[in-house]
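Before any comments, here is the structure.
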Amino acid sequence: MGISRTKEQKVTASHVFLRRWDKTLPTAVRGSGIWLEDVDGKRYLDACGGPICVNLGHSREEIAKAISLQAACLEYAHPTMFAVPVVEQLAERLAMITPPGIERFYFLSSGSEAVEAAIKFARQVHLAAGRKERYRVISRWQSYHGCTLGALSATGKSGMRKPFTPLLSPHIIHIPPPYCLRCHYKLTFPACNLRCAYALEDAINLEGSETIAAFIAEPVCGATLAAVVPPKEYNQVVADICRRHGVLFILDEVMSGMGRTGTWFAAEHFGLQPDIIVLGKGLGGGYLPLSAIGCREEQVSSVVDTFGGFIHGHTFSHHPVTAAAGLAVMDIIEREQLLPQVQRMGRLLGELLVPLTDHPHVADVRGIGLMWGIEFVADQKTCTSFSRSEKVTERLFDALMKAGILVYKCAGVAGNEGDAIMLGPPFIITEDELSLMVHTLRKVVEDFF
């Protein structure tokens with residue numbers, strides 16, 4: 001029995017294993033700034049930077065030139081055979097901006113790869129210290145850490161996990177997220193005394209603290225919860241719990257890092273000093289697949305002294321051309337002073353979105369910097385979600401795309417139910433473009449509901 005295709009897909013006879021099969025997608029042919037253009041000349045305002053990764057806009061000539069020059073000079077050298085200047089330079093630059101103590105960087109391609117590497121590195125740190133019984137990891141429900149099996153085991157999005165449940169690691173356990181709108185404990189902040197944060201300590205004690213290797217968390221909840229910013233004290237409480245119990249704190253900044261929240265890393269907002277930090281998305285700006293884990297010198301030294309090195313590797317790790325893209329990204333952020341720009345535009349975006357909170361089907365508008373989410377519900381007073389069978393997120397996405405606005409879909413924010421979208425435009429967006437984006441969004445939302 002063949003694959004069911006739309007009429008248009010049968011005509012084009014694409015050989016691509018598609019990401020989406022329910023409709024024929026427009027063909028993008030060029031990008032410029034915050035805009036994409038399809039083959040028919042229609043322009044789309046990229047209000048989400050793809051999956052919140054195109055931080056500096058499309059078709060930046062400086063980044064394209066850096067990639068081209070590096071490829072023409074040295075496109076590849078295996079990292080077990082050679083050191084490469086551009087890789088060294090990127091690591092040195094990152095060491096200057098990451099949280100205190102993070103001094104070594106292992107470069108990879110995707111966020112999923114980096115999360116896998118972080119979990120494996122945490123395990124080896126404990127082995128090197130003689131703590132072989134520490135092999136378990138704690139994560140959170142309604143989190144996203146990647147799609148490869150190890151990263152998916154850490155991911156807390158039930159819809160993504162369900163088909164692969166038999167393959168997922170039973171050694172990664174989950175606790176409730178800091179999601180005040182839909183508190184797992186039916187409590188209200190601040191009277192809750194951060195019950196969700198202390199769920200980490202409960203899990204450590206119940207599972208046996210001597211078995212827990214690491215806790216992995218996003219400092220600002222990403223696409224699975226549509227930009228939920230935890231109470232300020234939450235992240236520090238879980239960091240302190242990890243420290244008391246000898247559990248390594250892995251901070252997943254794949255989405256929130258590299259300026260997205262108005263600082264180089266969201267960790268700065270919360271005063272966090274993680275043991276391991278995970279980078280991706282904005283590190284390469286969407287130009288090339290580039291991710292990394294940042295580690296502490298003493299941990300790397302311990303692993304090297306015990307094992308001779310990190311027992312891990314990928315063909316395209318420490319890649320010269322992707323490193324050149326990363327350096328160009330950092331150069332632009334610094335030269336154009338884009339961190340203050342993100343802070344200014346983020347405040348303006350929040351102000352422009354506030355009127356949406358009066359809409360009877362909007363449960364919440366939340367965010368930080370240029371990382372914002374809007375959650376939609378059937379009933380605002382009771383916070384009752386639409387049934388997933390109604391596909392509100394998907395239909396709203398299509399309506400916005402038809403109007404020329406691209407947003408990021410966040411279906412399933414309320415467990416298996418729930419509808420939301422994320423906004424994460426490139427840092428270079430202007431006030432006029434931001435106003436156009438929100439004006440169109442509000443009009444589409446009004447018409448849609």
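The values are calculated or read from the model by the stated rules, or taken from the named source; none is laboratory data. Note that this is a predicted model, so its numbers are computed, not measured. Heads up, the Cβs are rebuilt from the backbone with ideal geometry, glycines too, and the neighbour counts pull from every protein chain shown.
A few comments on the model shown:
- No other residue among Glu210, Glu253 is in contact (Cβ under 8 Å) with a residue 40 or more places away in the chain and charged (D, E, K, R) apart from Glu210.
- Positions within segment 233-248 being surrounded by fewer than 23 Cβ atoms within 10 Å (Cβ to Cβ) and either part of a strand (DSSP E or B) or of a type in the set (Ser, Thr, Tyr) (or both), in sequence order: Tyr234
- The one condition in (1) within 23 Å of Ile250 (Cβ to Cβ); (2) in contact with a Phe, Trp or Tyr (Cβ under 6 Å, 6 or more places away or on another chain) that Val342 fails to fulfil: (1)
- Single unsatisfied condition, Pro230 versus (1) assigned to a helix (DSSP H, G or I); (2) free of Cβ contacts under 8 Å to residues at least 60 places away in the same chain: (1)
- Taken together, the residues in segment 37-51 that are assigned to a helix (DSSP H, G or I) and either under 14 Å from Ile429 (Cα atoms) or in the same structural domain as Gly286 (by TED's automatic domain parsing) (or both) amount to 1.
- Filter result for the condition that a residue is in contact with a Phe, Trp or Tyr (Cβ under 9 Å, 6 or more places away or on another chain) and within 13 Å of Ala223 (Cβ to Cβ), over Gly415, Gly404, Gly424: Gly424
- Residue within segment 354-368 that is touching a residue at least 60 places away in the same chain (Cβ under 8 Å) and either assigned to a helix (DSSP H, G or I) or assigned by TED's automatic domain parsing to the domain that holds Val229 (or both) present: yes
- Number of the condition not met by Thr393 [criteria: (1) farther than 18 Å from Lys23 by Cβ; (2) among the polar types (S, T, N, Q); (3) part of a helix (DSSP H, G or I)]: (1)
- The residues listed here are Ile97, Ile138, Ile175, Ile119; of these, the one that is out of contact with any Leu (no Cβ under 7 Å at 6 or more places or on another chain), buried (at least 22 other Cβ atoms within 10 Å of the Cβ) and of a type outside the set (Gly, Ala, Ser) is Ile119.
- Considering residues of segment 121-165 that are of a type in the set (S, T, N, Q) and touching an Asp or Glu at 6+ places or on another chain (Cβ under 7 Å) only, the residue farthest from Ala197 (Cα to Cα): Thr148
To keep it simple, each residue is scored yes or no on (1) in a helix (DSSP H, G or I); (2) within 20 Å of Val237 (Cα to Cα); (3) at pLDDT 95 or above; (4) not aliphatic (A, V, I, L, M).
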| position | (1), (2), (3), (4) |
| --- | --- |
| Leu152 | yes, no, yes, no |
| Ile173 | no, yes, yes, no |
| Ala191 | no, yes, yes, no |
| Asn205 | yes, yes, yes, yes |
| Ile216 | no, yes, yes, no |
| Pro219 | no, yes, yes, yes |
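- Filtered residues of segment 80-94 (kept if surrounded by 14 or more Cβ atoms within 10 Å (Cβ to Cβ) and either within 17 Å of Glu297 (Cα to Cα) or of a type outside the set (A, V, I, L, M, F, W, C) (or both)): Gln89, Leu90, Ala91, Arg93, Leu94
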